[in-house]
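Here is the structure we will look at.
The values are calculated or read from the model by the stated rules, or taken from the named source; none is laboratory data. No experiment lies behind these values; they were computed from the predicted model shown. Neighbour counts run over all protein chains shown; Cβ positions are idealised from the backbone, glycine included. Ligands, DNA and RNA are excluded from the accessible area calculation, which covers all protein heavy atoms including side chains. Shrake-Rupley method; radii C 1.70, N 1.55, O 1.52, S 1.80 Å.
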2 protein chains.
Amino acid sequence: MSDETVKYTLSEREIPTHWVNLMPDLPGEPIPPLNPQTMEPAGPPDLTPIFPEALIMQEVSPEPEVEIPEEVREVYKLWRPSPLYRARRLEKALDTPAHIYYKYEGVSPAGSHKPNSAVAQAYENKQAGIKRLATETGAGQWGSALALACRLFDLECVIYMVGSSYDQKPYRRSMMQTWGATVLRSPSETTDAGRSQLSHPTGSLGIAISEAVEVAAKDPETNYSLGSVLNHVCLHQTVIGQEAMAQMALAGEEPDVVVGCVGGGSNFAGLTFPFIRRVLRDGATTRFLAAEPAACPTLTRGVYRYDFGDTVGMTPLLPMYTLGHDFVPPPVHAGGLRYHGDAPILCALVKEGLIEARAYAQNPAFEAALMFARDEGIVPGPEPAHAIRATIEEALAAREAGEERVILLGLSGHGHFDMSAYDDYLAGRLEDIEFSEADMQAALDRLPEAPAIA
Amino acid sequence: MSDETVKYTLSEREIPTHWVNLMPDLPGEPIPPLNPQTMEPAGPPDLTPIFPEALIMQEVSPEPEVEIPEEVREVYKLWRPSPLYRARRLEKALDTPAHIYYKYEGVSPAGSHKPNSAVAQAYENKQAGIKRLATETGAGQWGSALALACRLFDLECVIYMVGSSYDQKPYRRSMMQTWGATVLRSPSETTDAGRSQLSHPTGSLGIAISEAVEVAAKDPETNYSLGSVLNHVCLHQTVIGQEAMAQMALAGEEPDVVVGCVGGGSNFAGLTFPFIRRVLRDGATTRFLAAEPAACPTLTRGVYRYDFGDTVGMTPLLPMYTLGHDFVPPPVHAGGLRYHGDAPILCALVKEGLIEARAYAQNPAFEAALMFARDEGIVPGPEPAHAIRATIEEALAAREAGEERVILLGLSGHGHFDMSAYDDYLAGRLEDIEFSEADMQAALDRLPEAPAIA
C-alpha cells in the first residue's frame, strides 16, 4: 500500500506566467462571430458597451501567448497550482492497466475552476475604471467565483441566478452573498428581458444572460462578465492544462487521452488547449474526449450553425453546435452543463474531428461519481461526474485491450453544494430526464437567419 | 500588490513521520481517568472492549513521539501537507502591524482536520481484525471523516447523528452515505441508551456517544471511535502543529500567540501541542488562546472535576473542565463545539495557566467569519469562526500596542455545509443564545461522586 496516493504538486513559482491562446494555431480560416443586424463580422466595437478593452483584445488576440498580470497571479496563489493525483485506488477497483490521473480544481475557495477566469475579468474591469459587474449563474459555480473575484478587487457584483437553481440551491446563493454580491432570481422584474420571460418561471441560463447583458449595456459604470463560451474565458482557463502538463512530466507520463466535461466549454478548453496545441504543432497523437449531459447534448446532437449566445438575442451570432438559443434544457442536477451552445473554438475542433464527444444520462454519471468518491475520497460535482463516467469507460476499454493507456481527467469541482443530487441518486429518485427531440427541433426552427458556416 | 497572497507549502516528503505526545512533558503528576465503579485509575483493560490494543497503547504512551504507520501517511497524502497562509488582506483591512498566519485544514475531502485521526483510527482497527466502527457525530464533521476513513480501509461504519443536526444538516448526512456509512438519528430506538433518552428528541453529543459506545461494547466485531477528547485523538492531530512549525520557519517567524477553537479539544491540541512542548522544554514565551462558544463555555465557566464523557455514564471518569455530563448546550450553529467537557490534557494546561480561554457569542463569531471570507476568500466553518474572532481581537490589541506581533490561527475547516448559518447571520436572524447558568448548575448537581482532582 505504500504508493496508493500519489500527488504531484508544483510550487507557486510554477504558476503559469502566460495563458495559452489556441486561436493562431487553429486549422483553417478563423470563423468570426457576426453582428446580427449587419451579418458582418462582429469586431471590438460590438463588444465595447459591455466588456473592457483589455478583455476584448484578449478575445481577438492573434498572439499564441498572453501574459498573465502579476495581480492576477497573486490571487491565483490562494489555490494554485492545483494538485494532480494518480487515482491508484480507482485503477485497482476497475482492475485496469490504465493509469488514471486527475487534475483537481475544487481547491479554489469557490470550489471549481471558475475563479481562474473570474479573477482575470474582475482585475481588467477594475483597471478600466468599472464600478460593477453583472453576470448570470446557473448552478451557482460561476456566480460564486465572480462574487469572490469582485470582492477581492473591490467591485460591486450583481448576479442573475436561474430561477430553478435559486430555489433549489439556496446555499450557493448564501455563498455569493457572503462575498458581498447581490443575487436576483431570474427571470426578474428588473430588466426588459426578464419581464418578457416571466412565463418561464424556472428560468434558464440563456434568459439570465439576457438580463445581465441588458443591465451592463444600459449602465456605463457596469460591465458584463461571462463565465464560459468566449475566447478570453477559455484563454484564462489554460492555466489548468499548463500545470497539468508540467505535473504529467513530473509523473514521467504523457496522456493518451484527456477527458473533461463540457457545458459552455471553458473547463474543457482550459485543460485540453495546451495539449491540443502540442498535437497541432508537433503531431502528438493525444485523444480528447468531451463528456456532456444526455439531457442537453449540444456536441453530439446539436447543429453546427450561427446562433445567439443568449435566449433573447442580444449577443453577436456565434458559430457553434447549438440546440437553439431558446431551447430550455431539462432541469438536470448538472446545472453547469445546461447550455444550448458551446465555445466556438471548441466546436471548430469537434467539427475538425480533433475532439470526440459523448453524452451521459444522470444515473450513469452519478454511479461513476459515487465510485470515485468512495475510492478517491473527493466528492465530485455533478458536472465532472460526466467526465468520470467517460474516464471509467476509457479505463475499461484499456483493460479490454490489455493496454497500459494513460488517462488524464479534469475534475473541475467538488459536489459540496450538490448533496441533494447524491441523496436522490442513493434513494433511486434520480431521473434520467429525456432530451426532447421535438423541443430541440422547435428551437432550431427559430434559429436566426444567418449564413451557413463555411 | 505583488505580495498579497503568501502561501507556505511543504512537499509530501515533509508530512510528519511521528505524532507528538505531550503527556511525558506535562508538568506535575499525570491525572488518570478513573473507573467509575472502583474509583481506581482506569487502565487498558477498561478500554479493550471498545478500542483496539494499538490505540490504547497510544492513549497511555509514555513516549514523546509515536511513529505514524506508513499506510496512514499514504492516506494523509490525499490532502496533507495542508497549506499555511499569511493573511495579508485581513491584516490590511484591520490596519494592524500584526502578522496573521493561518493553517488551513479544510482541504481534506471531509472539509476539516477530523480525518487526521479518523484515518489513524480506521487503520488500527482494520489491523486488529475489527469489521465495523460505531461513532457519534454532532455537526457531521467527525462522522464524515470516519465514513471516509472506513471506506478507505474497507470497514463498515455506523454513525449516530445528533437529532437536531440530522434534521438541519441533511447534506452532511448525504456525504456520509455517499462514502457508504449507515447514519442513524440519535436518540434512536436501536440502543438502550437511545431508548432511555427519547424524551430529548433533538439529542445531544453525549447521548449519541452513549449509543455508539453501547453498540461497540455489545458486539465483539464492532469497536467504538471517538473524534476528540481522548489522548490518542489529540496525538493524531499533532501533524497540524508540526507542519505549521515547519511552515512558520519557512516564513522566518515565530508565533507570539497561537489561536484555535475548542469543542472537545483535538483541533486545538493538534495545532498547539508541538508549540507547547517547546514552551515546556525551552522556555519559549508563546501564548495559547482557546476560543469557545458562549453557549457552551466549558473552559471559561465549567468546574474542574471528574465527569463522564457521555450523557448516560458509560465511559471512564475524565478529569476535565465540565458543565455536567447531562448538560444539553443550546443549539448554536457551531455544532462541533457543543460538548460539555474537554480533552483532559488540554484542561490540565488551562488549569496550569499555559492556555488562556475566551468565549464568544454567535453574532460576533460570524461577523469575524464574514470579514475573513471577504478578505481571504475561504468561507470558514462556524467553529473556527470563534478562533477568527479571537485572532481579530489579538490583531487589534497589537495595533493598540503598536507592536508587530505574530499570530498563528488554526482554520480547522470550511463552512460549505453551514451556509444556512451565514444566511441567518446576513438576515439578522442569528441568535446569541443565552447560556443557562441554572441548567448548568442543575447538571453540576448531578456530577458523579468522585475524588477531587489533586
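Determine, for each peptide in A:315-321, A:294-300, B:402-408, the mean count of other beta carbons within 10 angstrom over its residues, then list the peptides with the highest first. Could the numbers behind the result be given before it?
Working: A:315-321: 25.0, A:294-300: 23.0, B:402-408: 18.0.
By packing density, highest mean first, the sequence is A:315-321, A:294-300, B:402-408.
If B:169, B:218, A:131 are ordered by their accessible area, calculated over protein heavy atoms with a 1.4 Å probe, which sequence runs from highest to lowest? Intermediate values should be presented prior to the final figure.
Numbers: B:169 30, B:218 130, A:131 110 Å².
Final ranking, largest accessible area leading: B:218, A:131, B:169.
Distances from residue B:44 to the same residue in each other copy, label points 7 Å out along Cα→Cβ, in nm, shortest first?
Relative to the other copies, residue B:44 has label-point distances of 7.8 nm.
On a C-alpha basis, how far is the centre of segment B:259-298 from the centre of segment B:377-429 in Å? Whole number, if you could?
If we compute the Cα centre of each part, the gap is 16 Å.
Tally Lys and Arg at +1 and Asp and Glu at -1 over the other residues with C-beta under 11 Å from the C-beta of residue A:335: what net charge comes out?
On the way: positive: A:169, A:172, A:338; negative: A:383, A:418.
Computed value for this residue: +1.
How much FRET efficiency would the formula 1/(1 + (r/R0)^6) give for residue B:12 and residue A:189, where r is the Cβ-Cβ distance and R0 is 41 Å, rounded to 0.05?
Details: r = 54 Å, r/R0 = 1.31.
E(calc), rounded to 0.05, equals 0.15.
For residue A:249, place a label point 7 Å out from Cα along the Cα→Cβ vector, do the same in each other copy, and report the separations in nm, one decimal, smallest first.
When each copy's label point is compared with this one, the spacings are 3.0 nm.
For label points placed 7 Å from Cα toward Cβ, what is the shortest-first list of nm distances from residue A:196 to its copies?
7.0
Give the residue list of GluC sites (Glu not before Pro) in segment B:120-192 that are DSSP loop and have at most 10 other beta-carbon atoms within 10 angstrom.
On the way: sites: B:124, B:136, B:156, B:189; in loops: B:189.
Those that pass, being in a loop and sparsely packed, are B:189.
Return one number: the angle in degrees, 0 to 90 and rounded to the nearest 10, between the long axis of the Cα atoms of helix A:382-401 and the longest principal axis of the Cα atoms of chain A.
30
For a 27 Å ceiling on Cα separation, which of these pairs sit above it: B:169/B:351; A:7/B:114; A:126/B:7; A:169/B:126? All intermediate terms of the calculation are to be shown ahead of the outcome.
Working: B:169/B:351 35 Å; A:7/B:114 21 Å; A:126/B:7 25 Å; A:169/B:126 38 Å.
Table pairs above 27 Å Cα-Cα are B:169/B:351; A:169/B:126.
Which order do peptides A:426-433, B:51-58 fall in by mean Cβ count within 10 Å, highest first? Intermediate values should be presented prior to the final figure.
Values: A:426-433: 13.6, B:51-58: 20.1.
Output ranking for A:426-433, B:51-58: B:51-58, A:426-433.
For the pair residue B:254 and residue B:454, what calculated FRET efficiency results from E = 1/(1 + (r/R0)^6), where r is the Cβ-Cβ distance and R0 = 22 Å, to the nearest 0.05? Could the numbers behind the result be given before it?
Working: r = 34 Å, r/R0 = 1.55.
For R0 = 22 Å, the calculated efficiency reads 0.05.
Please say if segment B:272-399 is rounded, prolate or oblate, where rounded means a/c under 1.5 for a ≥ b ≥ c the square roots of the C-alpha gyration tensor eigenvalues, and otherwise the choice is prolate for a/b larger than b/c and oblate otherwise? Numbers along the way, then the final one.
Values: a/c = 2.35, a/b = 1.21, b/c = 1.95.
Oblate, since a/c reaches 1.5 and b/c is not below a/b.
Where the centre of each part is set by its Cα atoms, how far does segment A:42-68 sit from segment B:94-153, in angstrom?
So the separation of the two Cα centres works out to 46 Å.
Which of the cysteines in chain A are isolated, no other cysteine C-beta under 4.7 Å?
A:234, A:261, A:296, A:347
Quick check: residue separation of residue A:219 and residue A:371 times 0.36 nm, minus the Cα distance between them. What number comes out in nm?
Working: separation 152, 0.36 × 152 = 54.72 nm, distance 4.81 nm.
Gain in length upon complete extension: 49.9 nm.
Please give the residues of segment B:145-177, grouped as numeric ranges, whose backbone N is less than 18 Å from a label point set 7 Å along the Cα-to-Cβ vector of residue B:127.
It comes to B:149-155, nothing else.
What 222 nm value per residue comes from the helices of the protein assembly as shown, counting each DSSP H run with n ≥ 4 as -39,500 (n - 2.57) and dividing by all residues, nearest 500 deg cm²/dmol? Could the numbers behind the result be given before it?
Numbers: 36 runs with 372 residues, N = 908.
When only DSSP H runs of four or more count, the value is -12000 deg cm²/dmol.
Counting only other residues whose beta carbon sits under 15 Å from that of residue B:404, what net charge do I get with K and R as +1, D and E as -1?
Every neighbour counted, the sum reads -3.
Just report the Cα centroid separation between segment B:189-243 and segment A:341-376, whole Å.
A separation of 42 Å, based on Cα centres.
When Cβ neighbours within 10 Å are restricted to other protein chains, what is their mean count per residue of peptide B:106-114? Could the numbers behind the result be given before it?
Values: counts 2, 4, 2, 7, 2, 3, 0, 0, 0.
Mean shielding count: 2.
Need one word for chain B: rounded, prolate or oblate. Basis is the Cα gyration tensor (sqrt eigenvalues a ≥ b ≥ c); a/c below 1.5 gives rounded, then a/b vs b/c decides.
Numbers: a/c = 1.38, a/b = 1.30, b/c = 1.06.
Verdict is rounded for chain B.
Going by the alpha-carbon gyration tensor, a ≥ b ≥ c the square roots of its eigenvalues, is segment B:346-412 rounded (a/c under 1.5) or, if a/c is not under 1.5, prolate (a/b greater than b/c) versus oblate? Present the calculation step by step, with values, prior to reporting the outcome.
Values: a/c = 1.98, a/b = 1.24, b/c = 1.60.
Since a/c reaches 1.5 but b/c is at least a/b, the shape of segment B:346-412 is classed as oblate.
Which FRET efficiency, nearest 0.05, do residue A:396 and residue A:60 yield, Cβ-Cβ r, R0 51 Å? Show your work: numbers first, answer last.
Working: r = 43 Å, r/R0 = 0.83.
So, using R0 = 51 Å, E works out to roughly 0.75.
Within 10 Å of each Cβ in B:414-420, how many Cβ atoms from other chains are there, averaged over the peptide?
Details: counts 3, 5, 9, 4, 2, 11, 3.
Average neighbour count from other chains, rounded to a whole number: 5.
Which residue of chain B is nearest the rotation axis onto chain A, counting by its Cβ, and what is the distance in whole Å?
B:416, 2
Per-residue Cβ counts within 10 Å, from other chains only, averaged over B:170-182: what number is that?
Values: counts 3, 9, 2, 2, 12, 7, 0, 6, 12, 5, 3, 0, 0.
Averaged over the peptide's residues, the number is 5.
Can you check what the net charge comes to around residue B:211, using other residues whose Cβ is under 15 Å from the Cβ of residue B:211 (Lys, Arg +1; Asp, Glu -1)?
Working: positive: B:132, B:185, B:195, B:218; negative: B:136, B:189, B:192, B:214, B:219, B:310, B:326.
For residues surrounding residue B:211, the net value is -3.
What is the extension gain from residue B:70 to residue B:92, computed as 0.36 nm multiplied by their sequence separation minus the C-alpha to C-alpha distance, in nm to one decimal?
Values: separation 22, 0.36 × 22 = 7.92 nm, distance 4.19 nm.
Net length gain for the segment: 3.7 nm.
For the peptides B:444-451, A:411-418, what is the packing order when you average, over each peptide's residues, the other Cβ atoms within 10 Å and list the highest mean first?
On the way: B:444-451: 12.8, A:411-418: 27.6.
Ranking, from highest mean packing down: A:411-418, B:444-451.
Counting DSSP beta bridges with both partners in segment B:82-238, what percentage is antiparallel, nearest 5?
20
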